[in-house]
């Protein structure tokens with residue numbers, strides 16, 4: 001590594017640490033709720049269109065995939081949560097596989113070691129801190145995981161990685177740190193302190209948990225299968241078990257981030273093997289991330 005590269009890396013880390021230190025004193029949840037109201041407000045059309053066009057240009061959104069034309073979005077928030085045209089995603093239907101739940105980039109993936117997952121190089125966290133419930137954490141301690149990061153330019157809806165039946169969903173109230181690179185490298189146990197919704201599914205691969213992690217700026221999560229589960233609305237943490245399990249299909253909509261964040265897929269079965277996933281690689285809904293190996 002050259003001196004210039006080292007200096008650039010050091011400068012980036014220092015700026016990231018400064019940003020996170022500053023955010024410790026910033027009212028992240030209050031700001032996120034205010035922004036949530038603003039993006040759902042119907043401003044005069046010329047103003048909303050002006051803001052949306054600049055957002056599209058800044059983040060290079062591919063509006064050719066959107067189900068609706070720009071003129072049809074009534075609020076700025078409706079652009080963030082846009083639906084895509086049918087057939088946009090090629091869903092792999094191979095038996096005994098699981099697919100990516102979101103469009104984004106693979107943050108990391110691997111097999112749990114002594115019940116721990118990797119947040120980034122040099123930082124890990126315990127499965128129990130993520131799932132909270134010791135019994136559920138024990139089921140996954142020998143399993144594997146894949147974390148997908150959604151940037152502001154990505155499609156904001158998350159889909160089920162596997163077919164099966166929803167048996168339980170947990171909402172965990174918490175902080176709303178950003179989930180960008182600076183936060184991942186500087187906020188200890190980031191995904192364990194932020195608000196999140198954990199959905200458990202009994203599937204052909206065994207039990208699979210998909211975790212939607214909230215983030216600063218809006219921080220609002222809604223679930224397609226249960227309208228009562230909503231993040232960043234001041235609700236207390238809750239655990240919901242479904243006596244009548246909810247049948248779902250592979251790539252069926254799971255929930256919506258009302259701005260980008262992170263989705264983590266956990267596999268309890270140690271016989272599930274991950275695909276060759278590289279940190280930072282682009283990934284799309286429907287691409288295989290894991291296979292059950294006999």
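We did not get these values from a lab; they are worked out from the coordinates using the rules stated. Keep in mind the model is a prediction, meaning the values are calculated, not measured. Every residue, glycine as well, gets a Cβ built from its backbone with ideal geometry; the counts of neighbours run over all protein chains shown.
Taking the stretch 158-182 and a reference point 7 angstrom along Cα→Cβ of residue 228, the backbone N atoms nearer than 14 Å belong to 168-171.
Between residue 22 and residue 116, the simple label model (points 7 Å from Cα in the Cβ direction) yields a spacing of 3.2 nm.
The alpha-carbon atoms of the chain define a convex hull whose volume equals 146 cubic angstrom per residue.
Global dimensions of the stretch 33-129 from alpha-carbon coordinates: Rg and Dmax equal 19.0, 55 Å.
By the helix-only formula, in which each DSSP H run with n ≥ 4 contributes -39500 (n - 2.57) and the sum is divided by residues, the chain has a 222 nm mean residue ellipticity of -7500 deg cm²/dmol.
What is the calculated FRET efficiency for residue 151 to residue 247, with r their C-beta to C-beta distance and R₀ = 30 Å, to the nearest 0.05?
Values: r = 32 Å, r/R0 = 1.06.
Between residue 151 and residue 247 the formula returns 0.40.
Of interest is the spacing of the C-alpha centroids, which for the stretch 234-260 and the stretch 38-61 amounts to 28 Å. GNM on the chain, alpha-carbon springs under 10 angstrom: the most fluctuating residue among 100, 48, 261 is 48. Peptides 204-214, 89-99 ranked from most to least packed by the mean count of surrounding Cβ atoms within 10 Å: 204-214, 89-99. Comparing 169, 215, 224 in a Gaussian network model of the chain, where Cα atoms under 10 Å apart are tied by springs, the biggest mean-square fluctuation is seen for 224. Within the listed set 102, 175, 83, the Gaussian network model of the chain (springs between alpha-carbon atoms below 10 Å) gives the highest mean-square fluctuation for 83.
The peptide list 180-191, 28-39, put in order of mean Cβ contacts within 10 Å with the highest first, becomes 180-191, 28-39.
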